[in-house]
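A short write-up of the structure that comes next.
The values are calculated or read from the model by the stated rules, or taken from the named source; none is laboratory data. It should be emphasised that the depicted structure is a prediction, and the values quoted were computed from it without experimental measurement. Cβ: placed from backbone, ideal geometry, glycine included. Neighbour counts: every protein chain shown. These accessible areas exclude ligands, DNA and RNA; they are computed on the full protein's heavy atoms, side chains included. Shrake-Rupley method; radii C 1.70, N 1.55, O 1.52, S 1.80 Å.
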Amino acid sequence: MLKIEPVRSYRSPDYPDKRVVLENPDILKTLPQRWKGKVYAGFAFSSVVVLLLSGCQQQATAGVPAPPAYLTEEEACSIIIEEAEKYGVEFDKTGLELQDVKFYIDRNTSEASAIVEHTQDIELDGYDKEKKIGFEFASSDDVQSLAKNIEGLTEDEILYFTDADYKEELEEALGYLDEKIYFQTFYSASYPDIADTKAELQEQVESFMEWLKSEGVI
Amino acid sequence: MHYTLHLTNNCNLSCKYCYVNKETKSTMSLDTARKVIDTGAMEGGSTGIVFFGGEPLLCKDIIYKVVEYARALERTKGCRFHFKVVTNGMLLDQRFIDFTKLHHIYVAFSHDGIREAHDQNRVDAAGNGTFDCLTDKIKLLLTSHPYAPVMMVVNPETAKYYAASVKHLYDSGFKYIITSLNFKAGWTQDALDVLRVEYKKTADFYYKRTLKEDKFYLEPFETKIDSHIKGEDYCSQRCELGKNQVSVAPDGSIYPCVQFVGDKEYLIGHIDTGIDSHKQAALSQASHGEKVSCLGCTIRSRCNHYCGCLNKQTTGSINEVSPVLCAHERLLLPIADKLAHKLFKKRSAMFIQKHYNDAYQIISMIEDSIEK
Ligand code: SF4
Ligand code: SF4
């Protein structure tokens with residue numbers, strides 16, 4: 001039976017919103033081949049002016065932002081452990097070794113055999129044995145090592161296997177485990193200011209903890 | 001203001017999912033249709049007129065006369081009209097196509113994709129599929145209107161054909177493909193799981209076509225991606241029941257949107273007496289309130305749950321959200337976001353121009369006219 005189910009947490013997408021392009025108008029200089037050398041290519045650049053005039057002047061004058069600030073895996077794990085402690089969840093760093101976790105990767109192709117089965121051991125980045133709550137921080141190493149180990153993926157598919165894919169696949173795979181654990185994958189957003197990146201991660205942990213609370217787990 | 005003229009509730013097809021009440025046949029008189037044009041001319045500025053049905057091409061004569069009447073008013077009153085017709089395509093002919101070309105009328109075509117999907121629901125009165133009859137009509141249409149949009153309805157039993165159907169329409173020459181769910185149908189989790197896989201395949205199709213720099217538009221992906229890119233602008237573009245567009249029934253009664261036509265509870269005026277602004281405002285306000293069922297949902301600014309017309313169609317109330325719509329939003333959003341992420345990461349020029357450049361449509365039109 002289908003139900004209305006509010007989404008408790010949804011990661012902010014990794015492609016920028018329009019304000020970021022206003023701050024980096026050079027992005028619009030990426031032109032389709034067909035437009036290159038044609039008169040209308042000029043419109044593509046001048047449309048930045050259209051954007052500037054359409055009500056976002058403040059952001060537009062802010063200049064080119066600093067490169068995105070990611071957290072290292074170690075920094076991220078410390079933040080997650082610290083935040084969880086506030087809710088009485090004690091993540092053990094040695095984590096939990098899950099053997100033979102089965103992944104069913106949907107290869108996004110239109111071929112009939114689109115699902116690739118893959119088995120791998122996974123050591124979670126943190127686990128509270130008593131409460132059966134675990135977490136994994138999706139670092140680019142995790143993502144790439146999983147992708148590279150999956151037989152049958154093309155080079156292109158490995159390259160574009162993102163942390164969002166990793167999160168989706170891992171959470172699905174853990175759903176097939178016999179032993180049920182409460183689990184969340186965290187990720188590092190990419191704000192220009194590291195403080196915002198940290199705050200975003202803290203929010204992710206907070207919302208997971210609030211969910212555990214609402215489920216009566218903690 | 002946009003006026004959707006329900007020229008008739010009559011139709012030459014008997015699609016299985018059709019929601020039009022055809023019990024008592026009624027057709028709009030030329031006089032009523034002209035009054036809509038007079039109202040638009042009086043309001044000034046630019047007025048959108050959509051010829052809708054049933055099947056509006058059963059009333060071609062009215063369309064010819066109304067458009068010519070409006071064009072004459074444009075010359076004397078300084079007003080502007082732009083027209084669109086939404087058709088099942090069966091009655092398209094060269095004369096009508098020439099007329100739409102001459103008057104820049106946008107023709108939207110209904111088609112459900114590959115034969116297996118289309119013929120399941122889009123049938124004639126005898127129950128025969130209409131796929132074959134439409135092949136030549138598509139050619140006729142696209143020869144004159146290469147960017148004509150096609151609208152495809154997805155049902156639980158046709159979900160498994162989704163990706164193949166989108167590809168079929170694309171290969172038939174449609175570059176503007178709008179797919180939407182028949183939310184009223186008996187969707188189950190299993191059927192939605194099938195759709196999820198089909199959406200993923202279609203996202204892959206979108207990805208590859210975009211990297212090849214093909215120019216196309218494919219709903220529901222475009223809107224979902226824009227809901228993130230445009231942020232607050234996306235929210236402010238939402239429909240406000242009856243504020244910017246209304247539906248006019250064959251007898252001249254005015255309703256806030258197509259789904260409400262005939263339901264007296266939602267009657268907001270008549271073309272002879274105008275729109276009751278209090279009723280309209282009350283309706284718009286009622287549909288604006290945050291839905292209790294959605295409080296606390298982190299994706300609600302990007303979700304379609306606010307659409308009173310869709311809610312009315314699925315649950316009977318403008319404020320009650322359909323569980324099917326909810327499940328569909330939760331399924332679609334991550335796929336659309338992943339697709340956009342991949343394209344941006346790859347710095348796809350077509351993706352960047354289409355979604356971030358406000359002048360994209362103008363540039364695209366210039367490109368088309370130069371290439372012609
Ligand atoms: S309909 Fe569902 S997904 Fe949409 S806002 Fe409501 S709870 Fe969220
Ligand atoms: S073509 Fe449109 S109006 Fe006619 S039966 Fe089909 S859905 Fe209904």
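A compact table of results
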{"quantity": "Contacts under 7 angstrom Cβ, first residue in segment B:75-87 being under 13 Å from residue B:49 (Cα atoms), partner of a type in the set (Asp, Glu) and open to solvent by less than 60 Å² (accessible area, probe 1.4 Å), 6 or more apart", "calculated": "B:80/B:74; B:81/B:74"}
{"quantity": "Evaluation of residue B:332 against (1) within 17 Å of residue B:221 (Cα to Cα); (2) within 7 Å of chain A (Cβ to nearest Cβ); (3) touching a Lys or Arg at 6+ places or on another chain (Cβ under 9 Å) (one fails), failing number", "calculated": "(2)"}
{"quantity": "Scan of segment B:1-12 for residues that are in contact (Cβ under 8 Å) with a residue 60 or more places away in the chain and either within 16 Å of ligand 1 (Cβ to nearest atom) or open to solvent by 10 Å² or more (accessible area, probe 1.4 Å) (or both), ordered by number", "calculated": "B:1, B:2, B:4, B:6, B:9, B:11, B:12"}
{"quantity": "Residue among B:231, B:173 that alone is more than 10 Å from chain A (Cβ to nearest Cβ), surrounded by fewer than 18 Cβ atoms within 10 Å (Cβ to Cβ) and touching a helix residue (DSSP H, G or I) at 6+ places or on another chain (Cβ under 8 Å)", "calculated": "B:173"}
{"quantity": "Close pairs (6 angstrom Cβ cut-off, 6 or more residues apart or separate chains): under 10 Å from residue B:320 (Cα atoms) and more than 8 Å from ligand 1 (Cβ to nearest atom) in segment B:294-310, at pLDDT 90 or above and not in a helix (DSSP H, G or I) anywhere", "calculated": "none"}
{"quantity": "Test result for residue B:368, within 16 Å of ligand 1 (Cβ to nearest atom) and farther than 20 Å from residue B:258 by Cα", "calculated": "no"}
{"quantity": "Residue in segment B:47-57 that is within 11 Å of ligand 2 (Cβ to nearest atom) and farther than 13 Å from residue B:249 by Cα present", "calculated": "yes"}
{"quantity": "Residues located in segment B:5-36, provided they are of a type in the set (Val, Ile, Thr) and away from ligand 2 (no atom under 13 Å from the Cβ)", "calculated": "B:24, B:27, B:32, B:36"}
{"quantity": "Segment B:337-353, residues that are surrounded by 17 or more Cβ atoms within 10 Å (Cβ to Cβ) and free of Cβ contacts under 8 Å to residues at least 40 places away in the same chain", "calculated": "B:341, B:344, B:352, B:353"}
{"quantity": "Residues (under 27 Å from residue A:15 (Cβ atoms) and open to solvent by 40 Å² or more (accessible area, probe 1.4 Å)) located in segment B:310-336", "calculated": "B:330, B:334"}
{"quantity": "Neighbours by Cβ (under 9 Å, 6+ apart or cross-chain): first from segment B:13-30, open to solvent by less than 40 Å² (accessible area, probe 1.4 Å); second near ligand 2 (Cβ under 6 Å from one of its atoms) and modelled with pLDDT under 95", "calculated": "B:20/B:53; B:20/B:54"}
{"quantity": "Entirely in segment A:126-193, the helices (runs of 4 or more DSSP H) that have 1 or more residues that are farther than 22 Å from residue B:345 by Cα, at pLDDT below 80 and within 14 Å of chain B (Cβ to nearest Cβ)", "calculated": "A:163-175"}
{"quantity": "Positions within segment B:280-303 being part of a helix (DSSP H, G or I) and either within 13 Å of chain A (Cβ to nearest Cβ) or modelled with pLDDT of 90 or more (or both), in sequence order", "calculated": "B:292, B:293, B:294, B:300, B:301, B:302"}
